[in-house]
Amino acid sequence: LDVLSQDVRPLWHEWLEAQGSGAKLSAFYTSVLGKPYTAEGSGVTAKNLADTATAAPIDAAGSSNLQYETVVAGIDVGSRLLHVNVSVVSKTQDETQQRTGRFVGTVTSFEEAYDLLVRYSVGVCVIDSRPEVRKAQELRDKCLDSGICDVWLCQFHPTERIGKEDYGMRLDWGMRVVTVDRTQLLDATMDDMRYDPPRKLFPEDVWHVDGWQDQMTAPRRVLNDRGEKYIWDEGNADDHYRF
């Protein structure tokens, strides 16, 4: 609009013609506006995060009161850091399950992750089985031997269709390995944040956690190269907190 020699009317008509077409809207955003295009519903948005970041501030010290609560944790393994999300599970008025975050942040070692599980009285923890397979197994065994927490190693395997098991989930109780469909998992957790009221809440000061917003919004739901089915693609961006 600052370029006075540019007639806005053709751009306005191009914008109108693009309505209802994701491909035309994408072309308009990238070639005319010079901005990346994000289709509505293709991923977690900043508004979704704002609607869910309403819980009490992050409790970095932990709380002995949590021993009377149902506490769960997820750990995604990065190249140098372990990204941790600790939540309390409760029931909403309509009897759906809600997870309310108590801690979101990183630790630098598996020993620190163990201390965190103890501090928050975590009952069940799911950790990425790769790339640190051996260390994840050691954490599982240490928690199992001490009796403080039930740790499951997570791996991903696609399923052809949605079955009776949520997320295409299969459980190996002997090895404590949970296998899930990556697409179904990210679909369901996005729905949790969009549900009214949200089934997943984060601490209100989670915005101060380094990289949290970028990693939560990085994966996008797109068609695969063959155009056969939808997959989640984070490009080259980190998405640890999303998992």
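The values are calculated or read from the model by the stated rules, or taken from the named source; none is laboratory data. Predicted model, so just to flag it, every value in this text is computed and none were measured. Heads up, the Cβs are rebuilt from the backbone with ideal geometry, glycines too, and the neighbour counts pull from every protein chain shown. Just so you know, the surface numbers come from the protein's heavy atoms only, side chains and all, with ligands and any DNA or RNA stripped out. Shrake-Rupley method; radii C 1.70, N 1.55, O 1.52, S 1.80 Å.
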Item checked: Charge dipole (debye, nearest 20) of region 145-225; +1 at Cβ of Lys and Arg, -1 at Cβ of Asp and Glu -> 280 debye
Margin query: Straight-line reach from Lys200: which lysines fall under 24 Å, measuring Cα to Cα and dropping same-chain residues less than 8 apart?
Written below: Lys47, Lys91, Lys164
Next item on the list: Give the distance, in whole Å, between the Cα centre of region 131-157 and the Cα centre of region 89-130.
Entry: 14 Å
Checklist line | Simple Cβ-charge dipole of region 115-187, Lys/Arg +1 and Asp/Glu -1, about Cα centre, in debye nearest 20 | finding: 80 debye
Item checked: Residue-averaged 222 nm ellipticity for the chain, from DSSP H runs of 4+ at -39500 (n - 2.57), nearest 500 -> -8000 deg cm²/dmol
Check: What accessible area per residue, rounded to a whole number of Å², is obtained for the chain using a probe radius of 1.4 Å?
Finding: 60 Å²
Note to self: Leaving ligands and nucleic acids out of the surface, order His208, His240, His13 by accessible area at 1.4 Å, largest first.
What the structure shows: His208, His13, His240
Notebook entry, point to check: Can you work out the FRET efficiency for the pair Thr108 and Leu33, with r the C-beta to C-beta distance and R0 = 41 Å, to the nearest 0.05?
Noted result: 0.50
Next item on the list: Take region 137-221, compute every pairwise Cα distance, and split them into 10 Å bins from 0; I just need the percent in each bin.
Entry: 14, 31, 38, 17, 0
Check: Once you charge only the Cβ atoms, +1 for Lys and Arg and -1 for Asp and Glu, what is the size of the charge dipole of the chain about its Cα centre, to the nearest 20 debye?
Finding: 320 debye
Check: Roughly speaking, what is the centre-to-centre gap between region 168-243 and region 56-79 when only Cα atoms are used, to the nearest Å?
Finding: 19 Å
Next item on the list: Grab the Cα-Cα distance for Arg134 and Glu14, subtract it from 0.36 nm times how many residues apart they are, and report the gain in nm with one decimal.
Entry: 37.7 nm
Next item on the list: Figure the gain on full extension for Ala60 and Ser79 (residue separation times 0.36 nm, minus the Cα-Cα span) and round it to one decimal in nm.
Entry: 4.5 nm
Check: For region 196-243, what does the alpha-carbon gyration tensor say about shape, rounded, prolate or oblate, given a ≥ b ≥ c as the root eigenvalues, a/c under 1.5 as rounded, and a/b over b/c as prolate?
Finding: oblate
Checklist line | Solvent-accessible area, 1.4 Å probe, carbon plus sulfur percent, for the chain | finding: 50 percent
Next item on the list: First check a/c for region 44-185, with a ≥ b ≥ c the square roots of the eigenvalues of its C-alpha gyration tensor; if it is under 1.5, answer rounded, and if not, answer prolate when a/b is larger than b/c or oblate otherwise.
Entry: rounded
Checklist line | Normalised convex hull volume, the chain, alpha-carbon set, Å³ per residue | finding: 171 Å³
